[in-house]
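Report on the structure given below.
The values are calculated or read from the model by the stated rules, or taken from the named source; none is laboratory data. All values derive from a computational prediction rather than experimental measurement. Don't worry about glycine lacking a Cβ; one is built from the backbone with ideal geometry, like all the others, and counts go over all protein chains shown.
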Amino acid sequence: MTVFSLRQSEQAARILGYAGVIPFVALAGLAWLSTTVGFGGVRPAMLAAVAAYGAVILSFLGAVHWGRIISTPREDPLGSLWLLASVIPSLIGWAALLLPPSAGVPLLLAGFVLAWDGDRRATASGLLPAWYGALRTRLSLLVGSSLIFVWPLTL
């Protein structure tokens, strides 16, 4: 892989990562707006959409480590543990969908914090590129803020 293609991949990851935050921000904003302009009846749908999208994205984040392990030509002594850890975000997302939003949204928030911490550790260990760790920190702050913003609407 050339430096050029690595930079292209990094740029694409940034663009797609920030685009992936848009539904969180938009749905949180619409949920609040629906309450303030008298369309509170759509709030449950907005909260369900936030939870569903959050579960999908958590599954995606866990898959990063699955892909990293299976694409590494050398044996990683912690590979089995990373694979096990990589399915936890999916399970958290699934559980969040089964719970009422008042419990599901904070569970999603916890899941995103755990996924970020796993990526932080992998980046610090050199298992993921530094740019990815920095990007994940920024994206996690935006997603976490959106979930915190919408959480009071679930109570």
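How many residues, within the range 56-115, are over 17 Å from the mean Cα position of the chain (by Cα) and of a type in the set (S, T, N, Q)?
The number of residues fulfilling the criteria is 4.
Do we find a residue being part of a helix (DSSP H, G or I), within 24 Å of Ser34 (Cα to Cα) and either among the aliphatic types (A, V, I, L, M) or touching an Asp or Glu at 6+ places or on another chain (Cβ under 7 Å) (or both) anywhere in the range 121-140?
The first filter runs over the range 121-140 and keeps only residues part of a helix (DSSP H, G or I), leaving 121-124, 130-140.
With within 24 Å of Ser34 (Cα to Cα) added as a condition, the list becomes none.
No: zero hits.
Need pairs with beta-carbon distance below 8 Å; first residue without any contact (Cβ under 8 Å) to a residue 40 or more places away in the chain and within the range 20-39, second assigned to a helix (DSSP H, G or I) and not aliphatic (A, V, I, L, M); sequence gap 6+ or separate chains.
Pro23/Tyr53; Ser34/Gly40; Ser34/Gly41; Ser34/Arg43
Hey, does the range 88-110 have a residue that's out of contact with any His (no Cβ under 8 Å at 6 or more places or on another chain), assigned to a helix (DSSP H, G or I), touching a residue at least 24 places away in the same chain (Cβ under 8 Å) and more than 19 Å from Phe24 (Cβ to Cβ)?
Yes: one or more hits.
What is the number of the single condition among (1) surrounded by 14 or more Cβ atoms within 10 Å (Cβ to Cβ); (2) over 22 Å from Leu141 (Cβ atoms); (3) out of contact with any Gly (no Cβ under 7 Å at 6 or more places or on another chain); (4) of a type outside the set (Phe, Trp, Tyr) that Leu97 does not meet?
(3)
Of everything in the range 111-136 that's out of contact with any helix residue (DSSP H, G or I) (no Cβ under 7 Å at 6 or more places or on another chain) and free of Cβ contacts under 8 Å to residues at least 24 places away in the same chain, which residue is surrounded by the most Cβ atoms within 10 Å (Cβ to Cβ)?
Top of the filtered list is Arg121.
Going by what's in this entry, would Arg14 be described as of a type in the set (D, E, K, R), out of contact with any His (no Cβ under 6 Å at 6 or more places or on another chain), modelled with pLDDT of 90 or more and surrounded by 14 or more Cβ atoms within 10 Å (Cβ to Cβ)?
Working: of a type in the set (D, E, K, R): yes; out of contact with any His (no Cβ under 6 Å at 6 or more places or on another chain): yes; modelled with pLDDT of 90 or more: yes; surrounded by 14 or more Cβ atoms within 10 Å (Cβ to Cβ): yes.
Yes.
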